[in-house]
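Student: Got a structure for you, questions after.
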């Protein structure tokens, strides 16, 4: 555990030294947040509710979505790719720590640093220029926190599984970018799934992506009753277990392949 804590602390320091990346992320997220806010304001101009959600709740949804996008940043797929390209993956796997545990600790370290560097400024900007994103029902805060933690784990597992494509494709830079933007679209981060046609929404709700962004955001703005929220969290947990099992299986096979063939 001490080794992983050391990696985590090192990553916090490393992340906090790259000021240019911090400012770039804040600017990008602010542009997306404010542009989305104007879009939804225009959409709600002639009607009070759309999809069972009023304009005020939708603006809160957008701000919290921008904040979650900071917490849901992962670098595991890029780290796997770099390890494969450099040919160090075999030696990395022989270290006295689990290689993926190390990547996980790095991502946690980055998130802790970005919480203060990115989330706080984005929250202040959103509160000043759009609205203060108040939670609809403070009693659902524990559900929201649990859902966000599970969201991060699901997102990280998907990223790690995606990164293992590098063991066969080697260079996956373009695929990482496609995956990143596709996930934002399918997860309800930018446009909630309830705005999609019913058949499309039903398909998306059967996939794990909506449980990354849309579920915790829906809990935050109070969409749906408590039973519906708990049902969503139950499905979210099932997806977490499925993806964790799949990850362990693929990791075991990938490790065996690398140790036999070298990397």
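Read-outs: derived from the displayed coordinates by stated rules, not from any lab. Please read these numbers as outputs of a predicted model, since none were measured by experiment. When we count neighbours, we look across all protein chains shown, and the Cβ atoms used for this are built from the backbone with ideal geometry, even at glycine.
Student: What distance in nm separates the two pseudo spin-label positions at residue 128 and residue 47, each 7 Å out from Cα along the beta-carbon direction?
Tutor: So the two model labels end up 3.5 nm from each other.
Student: On to the next question. Quick check: the angle from helix 19-43's long axis to the longest principal axis of the chain, C-alpha only, nearest 10 degrees?
Tutor: 30 degrees
Student: While we're on this one: Where does helix 2-17 land angle-wise versus the long Cα axis of the chain, in degrees 0 to 90, nearest 10?
Tutor: For 2-17 against the chain, the angle is about 60 degrees.
Student: Select one label from (i) 62, 57, 28; (ii) 54, 46, 34; (iii) 63, 41, 34: the one whose number is Cα extents along the principal axes in Å as derived from the coordinates shown.
Tutor: Computed from the coordinates, Cα extents along the principal axes in Å corresponds to (iii).
Student: Here's another thing I want to ask about it. With N set to the residue count of region 109-157, report its C-alpha Rg divided by 2.2 N^0.38 Å to two decimal places.
Tutor: Relative to the 2.2 N^0.38 Å estimate, region 109-157 comes out at 1.35.
Student: Right, next: Between residue 54 and residue 207, what is 0.36 nm times their sequence separation minus the Cα-Cα distance? Round to one decimal in nm. Don't skip to the end; give the middle numbers.
Tutor: Working: separation 153, 0.36 × 153 = 55.08 nm, distance 2.60 nm.
Extra length from residue 54 to residue 207 when fully extended: 52.5 nm.
Student: Let me ask another. Below 8 Å, C-alpha to C-alpha, sequence gap of six or more: please give me the relative contact order for the chain in percent.
Tutor: 28 percent
Student: Mind telling me which of 231, 95, 79 comes out most flexible in a GNM of the chain, alpha-carbon contacts under 10 Å?
Tutor: Checking each option, the largest mean-square fluctuation is seen for 95.
Student: So for region 16-153, Kirkwood radius off the Cα pairs, Stokes-Einstein at 25 °C and 0.890 mPa s: how many µm² s⁻¹?
Tutor: Value of D from the Cα-based Kirkwood radius: 141 µm²/s.
Student: For 46, 131, what's the fewest-to-most ordering of other Cβ within 10 Å of each Cβ? Write down the numbers at each step before the final one.
Tutor: On the way: 46 6, 131 15.
Ranking 46, 131 by Cβ neighbours within 10 Å, fewest first, gives 46, 131.
Student: From the helices alone, meaning DSSP H stretches of at least four residues, give me the mean residue ellipticity at 222 nm for the chain, per-run term -39500 (n - 2.57), in deg cm²/dmol to the nearest 500.
Tutor: Working: 13 runs with 193 residues, N = 263.
When only DSSP H runs of four or more count, the value is -24000 deg cm²/dmol.
Student: What full-extension length gain, to one decimal in nm, is calculated for residue 5 and residue 257 as 0.36 nm per residue of separation minus the Cα-Cα distance? Spell out each step's value before the answer.
Tutor: Values: separation 252, 0.36 × 252 = 90.72 nm, distance 2.86 nm.
Length gained between residue 5 and residue 257: 87.9 nm.
Student: Sticking with this structure for a sec: Taking the chain as the reference, fit the longest principal axis to its C-alpha atoms, fit the long axis of helix 55-71 to the helix C-alpha atoms, and give the angle between the two in degrees, 0 to 90, nearest 10.
Tutor: Result, in degrees: 10.
Student: Take the Cα of residue 138, step 7 Å along the line toward its Cβ, and report every residue of region 29-60 whose backbone nitrogen sits under 20 Å from that point.
Tutor: Only 57, 60 pass the distance filter.
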